Amino acid sequence: MADVAVFKSEVKPDWCPGCGDFGVLNSLQKACADLNLDPKDIMVVSGIGCSSNLPGFFNSYGLHTLHGRAVAVASGVKLANHDLTVIITGGDGDGYGIGVGHFVHAMRRNLDMTYIVMDNQVYGLTTGQASPTTERLTKTKSTPTGNLESQLNPIALALAGGASFVARGFSGEPAHLAELYKKAIQHKGFALVDVFSPCVTYNKQNTYPWFKERVYKLEDEKHDSVNFDAAMKKAQEWGTRIPIGVFYQLERPTYEEGEPALTNGALVKQPMKQLDPSILLEFV
């Protein structure tokens, strides 16, 4: 097991005191240490938002990309060097709003990546607007009389979209969250870990106490994580009881395993073929 300190960056997190993202970061560092991963073999890719600052606070290769494009960029990274452990980090607005198209297609392709979404039910960086996972009728800066849109269900979407590993954690349960990360990273295929990560500044409804009263662990109720129908049924639970844990996990061929260009190893490690100069004359 590696030392957790190996994964701590010299750049200190600047999130609001009490932000759930601290728990997300600490649990990820612990998970990577427990798995004895090497920072040089990890790429963390993020989009835009409070949560997307995470690569700067995590010691590995990292990319802070564009709003909603983290999954697309990470897909390119994975295909260029599929030997890397690719971890995507972002928020509910970034991933389930502008980035939802990339999210769906990465799932159906079953690229071997882990996507950690810090789901705080609000746009935090832009100071408190309603996000795709904001509950209906919730009052926010952009919905002062109440949110009229239905709340998106990322767990059900991931199941329907073809993700081969679907889980949900809570930053108020850091040990449990670290174990979910370990399972997700070790899983061969696209893994979603949706994390309840309370925004203490702009979301006064979905708070730590609010979640503490409601969340329960699926493993405590002996949930069958290979049963798709059972997973989809659990995904619909919201209100007085909200499940966390692994909803669904099923091994199936990854995109990388079926791509002929990758059969000889990672593209970045394959020799460049010499181009016949005569071919260039055709374009002159």
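The values are calculated or read from the model by the stated rules, or taken from the named source; none is laboratory data. Just so you know, these numbers come straight off a predicted model, no measurement behind them. Cβ placement follows ideal geometry from the backbone for every residue including glycine, while neighbour counts extend to all protein chains displayed. Please note that ligands, DNA and RNA were not included when accessible areas were found on the heavy atoms of the full protein model with its side chains. Shrake-Rupley method; radii C 1.70, N 1.55, O 1.52, S 1.80 Å.
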Residue under evaluation His176, criteria (1) over 21 Å from Trp15 (Cα atoms); (2) within 15 Å of the chain's Cα centre (by Cα); (3) of a type outside the set (Phe, Trp, Tyr), criterion not met: (2)
Can you tell me how many residues in region 222-232 are closer than 12 Å to Val246 by Cβ, open to solvent by 10 Å² or more (accessible area, probe 1.4 Å) and not in a loop (DSSP other than H, G, I, E, B)? 1
When region 142-159 is checked residue by residue, the ones that are touching a residue at least 12 places away in the same chain (Cβ under 8 Å) and either in contact with a Ser or Thr (Cβ under 7 Å, 6 or more places away or on another chain) or not in a loop (DSSP other than H, G, I, E, B) (or both) are Asn147, Gln151, Leu152, Pro154, Ile155, Ala156, Leu157, Ala158, Leu159
Looking at Gly239, Gly265, Gly169, can you tell me which residue is in a strand (DSSP E or B) and either out of contact with any Gly (no Cβ under 7 Å at 6 or more places or on another chain) or hydroxyl-bearing (Ser, Thr, Tyr) (or both)? Gly169
Identify, please: which residue in region 79-100 is of a type outside the set (D, E, K, R), in contact with a Ser or Thr (Cβ under 7 Å, 6 or more places away or on another chain) and in a helix (DSSP H, G or I) and is, among those, surrounded by the most Cβ atoms within 10 Å (Cβ to Cβ)? Gly93
Can you pull out every residue in region 11-31 that is assigned to a loop (DSSP other than H, G, I, E, B) and open to solvent by 10 Å² or more (accessible area, probe 1.4 Å)? Val11, Lys12, Pro13, Asp14, Trp15, Cys16, Pro17, Gly18, Cys19
I'd like to know if region 56-77 contains one or more residues that are open to solvent by less than 20 Å² (accessible area, probe 1.4 Å), assigned to a helix (DSSP H, G or I) and in contact (Cβ under 8 Å) with a residue 60 or more places away in the chain. no
Residues that are among the β-branched types (Val, Ile, Thr) and open to solvent by less than 30 Å² (accessible area, probe 1.4 Å), drawn from region 233-250: Ile242, Ile244, Val246
Single condition Gly95 does not satisfy, out of (1) under 20 Å from Ser171 (Cβ atoms); (2) free of Cβ contacts under 8 Å to residues at least 24 places away in the same chain: (2)
Are any residues in region 192-218 surrounded by 14 or more Cβ atoms within 10 Å (Cβ to Cβ) and within 21 Å of Lys182 (Cα to Cα), and if so, which ones? Leu192, Val193, Asp194, Val195, Phe196, Ser197, Val215, Lys217, Leu218
Residues within region 116-151 that are of a type in the set (Asp, Glu) and farther than 29 Å from Leu25 by Cα, tallied: 1
Given the conditions (1) assigned to a helix (DSSP H, G or I); (2) under 30 Å from Val4 (Cα atoms); (3) open to solvent by 50 Å² or more (accessible area, probe 1.4 Å); (4) in contact (Cβ under 8 Å) with a residue 24 or more places away in the chain, every one holds for Leu125 apart from (1)
Does region 160-174 contain at least one residue that is of a type in the set (Val, Ile, Thr) and either surrounded by fewer than 17 Cβ atoms within 10 Å (Cβ to Cβ) or under 15 Å from Pro243 (Cα atoms) (or both)? yes
Given the conditions (1) in a helix (DSSP H, G or I); (2) surrounded by fewer than 24 Cβ atoms within 10 Å (Cβ to Cβ), every one holds for Lys139 apart from (1)
Answer with yes or no whether Ser51 is open to solvent by less than 50 Å² (accessible area, probe 1.4 Å) and more than 20 Å from Gly169 (Cα to Cα). no
